[in-house]
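Here's the structure, in structure tokens; my notes come after.
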Amino acid sequence: MNVLISTLTIGLILSLLAFGVYISFRIFNFPDITTEGSITLGAAVAAALILHGSENPSWFTTPWAATLLGGLAGGVAGVATGVLHTRFKIHGLLSGILVMTALYSINLRVMGQSNLSLNDVPTIFSGPQFLAEQLHPAPADGGV
């Protein structure tokens, strides 16, 4: 059962990547490959925030907020490609290559190392128990 859930989780995440590439190629007729770099930037930002939150908890290091901020970081990468293409008149494919190459270094800098393990920290896929704790935290006085 765990293999099925893991397969569906990865498939749903990668379907977002495929959807982004489809939109840029077919609908906008813009050969943008920034999608590959921006989805990894979002994952790097979310993972770094989640791991930072396990040591120093705050509102923006919860898994849901970290995922939202990761998505916003990926959107900023798309804006960078758009600015290179429209303001600096760089061809769409080349601007995507430039941003994707820059994002490789930025992702390493954001994470601080080549990979991060999220095995011991709660994520948005941790289950309903963790979600209930996030939405309704226990009182600080022990419930008295």
>> List pairs: first residue in the stretch 1-25 and closer than 14 Å to SER38 by Cβ, second residue at pLDDT 90 or above and surrounded by 10 or more Cβ atoms within 10 Å (Cβ to Cβ) anywhere in the structure, Cβ distance under 6 angstrom, at least six positions apart or on different chains.
In response: LEU17/ILE39
> For the subset of the stretch 105-139 comprising residues that are surrounded by 12 or more Cβ atoms within 10 Å (Cβ to Cβ) and among the hydroxyl-bearing types (Ser, Thr, Tyr), which member is modelled with the highest pLDDT?
Replying inline: THR123
>> Quick test of your reading of the structure: SER58 fulfils all but one of (1) exposed (fewer than 14 other Cβ atoms within 10 Å of the Cβ); (2) closer than 25 Å to THR101 by Cβ; (3) not hydrophobic (A, V, I, L, M, F, W, C). Name the failing condition by number.
In response: (2)
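Here's the yes/no breakdown for (1) in a helix (DSSP H, G or I); (2) under 16 Å from PHE125 (Cα atoms):
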| site | (1), (2) |
| --- | --- |
| LEU12 | yes, yes |
| LEU17 | yes, no |
| VAL21 | yes, no |
| ARG26 | yes, no |
| ASP32 | no, no |
| LEU68 | yes, yes |
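The values are calculated or read from the model by the stated rules, or taken from the named source; none is laboratory data. Note that the structure is a prediction, hence the values are computed from the model and not measured. We place every Cβ from the backbone using ideal geometry, glycine too, and count neighbours over all the protein chains shown.
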